[in-house]
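See below for the structure under consideration.
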Amino acid sequence: MVDTTEVRPGLVIFRRTDVKHGNWYCRIKIPEKDAYKFISLKTALEAEARERARDAAIRVEVKLELGYPVFDKSFSEVAAEFSAFQKERAEAGHITLSRWRSIESHIKSQLNPYMGARQITLIGEALWKAYPIARKRTGKGNGREVVSDATIRGEMTTFRAIMSYAVEKKLIANLSAFKATPGLKKVSREEFTPSEYRKLHTFARTKWVKKALNTHVGWYRSMTYWFILVMTNTGMRPPEARNLRWRDVAIRSDKKGRRFVTMNVRGKGKFRTLVASMKVARYLDEIREISPAVGPDDPVFCTHDGRVAVSLYNSPITHLLEKSELLFSATGSRRSTYCFRHTYATFRLTEGVDSLFLAKQMGTSVKMIEDHYGHVSPDKNAERILQGLPGWGAASDAAVATFAEVDDASPTQDGASAKPERKRRETAGRVRPQRQASAEITASSARPEASSPRRAKRKRKSPSAL
């Protein structure tokens, strides 16, 4: 430091001997701390340097008053803190360990190399928008020659989460610069079509569960089957299913005495209540029968030894989708547990459920419903859209398909049971009363047979047992 000049107590300007230019710098004393803030004033004029030094000191004072950090951190430092926090959440069971590993991988392999040692305060909209371009130019995806939009979108989700963490820590002011993901296709919602879903649950019920190699495998396949039916009939997110406890489930009635299931679910840091038909109560009864954990605080979806099923039967589901030849959708995208939630949304929209009510049920926004499922509405809801127009027949003549078609043992549209199915039921001595076509996604009247002796002895419970 040379040419040191005090502007005011705690604030000095100076030049440096280790640089060739003659620009001024300032040093600001941090009150009540043995620390100084050094700032380049980027001018060789002393009068201008004094003014800039005073402005810099005021900015530091404002930051201190608002509780913002005075010393800027690099992106990699903030990312490391964020990753450590997410690891703690994983160890506490708030997120899965695999989710943390994914975050850590994004940071180390892509985000840190891209950001370098940039200060977190200097990362703005330009770097955010340029990321997809840079990633596609230099990177490869998982086992792919060209990185996919879905992979980049996942990395940018981690990117934005880190910046959101920086806002919480008051390292940056807001997230306004980190909104849209430009140049990327929207994530495809790989739902099942009615015929695909019929194929899936029929295959699971008649072949997959029954052909388990042993009792242990049979138990997991049965749990997986009922798990799929619950998920597809409620639209729950996987994290919400993982957090679901028996005390969260109840049976209620509306003003007309019609009974339904309510579930208090928690996920994504939020709490909400969703409703489901009494079919779901039956599925939950089936789970109770084979579950080793049925206490109020026990998880609904558990492992064979009663612990929370953290993976939510990911391996059995993948195996089932592979064997039923439904692992990949018509677009070639690989399906995951989330496909059951997307199937629920698509089927409910096909039935004409209002987007607002569906958004509340699923714990999301109307915009998200419209953005990702807008393709469902026009042709699927022709009856509602064209009602009253010349040339459009009565609703009873429209023969619009309902979700009863998803159930290979369900009645036909006009309420008359299909003859081959009715004949089979009569032969088995299990004739059931006819019922109207339902807007639900239902399971067949036949149940998967677990290999457990306990299942053979069990008595049917009423849904009210919940």
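The values are calculated or read from the model by the stated rules, or taken from the named source; none is laboratory data. All values reported here derive from a predicted model rather than from experimental measurement. For neighbour counting, all protein chains shown are included, and Cβ atoms are generated from backbone atoms with ideal geometry for every residue, glycine included. Ligands, DNA and RNA are stripped out before the accessible areas are found, and what is left, the full protein with its side chains, is counted by its heavy atoms. Shrake-Rupley method; radii C 1.70, N 1.55, O 1.52, S 1.80 Å.
Pairs exceeding a 32 Å alpha-carbon distance, out of Lys63/Lys129; Lys63/Lys367; Lys211/Lys360: Lys63/Lys367; Lys211/Lys360.
So which trypsin sites (Lys or Arg not before Pro) in the range 74-119 pass both tests, a DSSP loop state and at most 16 other Cβ atoms within 10 Å of the Cβ? Answer by residue number: Arg118. Report note on the peptides 310-319, 230-239: ranked by the mean count of other C-beta atoms within 10 Å, highest first, their order is 230-239, 310-319. Round to the nearest 0.05 the FRET efficiency obtained for Ser98 and Leu356 when R0 = 56 Å and r is the Cβ-Cβ distance. It comes to 0.95.
Per-residue extension of 0.36 nm, minus the Cα-Cα distance of Lys207 and Ala130, leaves a gain of 22.7 nm for this segment. Classify the range 207-364 from the C-alpha gyration tensor, please: rounded if a/c falls under 1.5, else prolate or oblate depending on whether a/b exceeds b/c. The shape class here is oblate. Judged by the mean number of other Cβ atoms found within 10 Å, the most tightly packed of the peptides 211-223, 166-178, 55-67 leads the ranking 211-223, 166-178, 55-67. The stretch between Thr215 and Arg272, if pulled fully straight at 0.36 nm per residue, gains 16.9 nm over its current Cα-Cα span. Residues of the range 228-262 with backbone nitrogen within less than 19 Å of a virtual label 7 Å along the Cα-to-Cβ line of Ser365, please, listed as ranges. In the range 228-262, the label zone of Ser365 (backbone N under 19 Å from the point 7 Å along Cα→Cβ) covers 237. Annotation: for a label point projected 7 angstrom from Cα along Cα→Cβ of Ala47, no residues of the range 1-26 have a backbone N closer than 12 Å.
Distance between the pseudo-spin-label points of Lys108 and Glu88 (7 Å out from Cα toward the beta carbon): 2.1 nm.
Per-residue SASA remark: Phe357, around 140 Å² accessible (1.4 Å probe; ligands, DNA and RNA not included). Between Lys323 and Glu77, the modelled label-to-label distance comes to 5.4 nm, taking each label 7 Å out from Cα in the direction of the beta carbon. Within the shell defined by Cβ-Cβ distances under 15 Å, the residues around Pro299 carry a net charge of +1, with Lys and Arg each +1 and Asp and Glu each -1. Can you compute the FRET efficiency between Thr4 and Tyr68 using 1/(1 + (r/R0)^6), with r the Cβ-Cβ distance and R0 = 35 Å? Round to the nearest 0.05. That gives a FRET efficiency of 0.80. Remark: the Ser333-Glu32 segment gains 102.5 nm on full extension, using 0.36 nm per residue and subtracting the alpha carbon distance.
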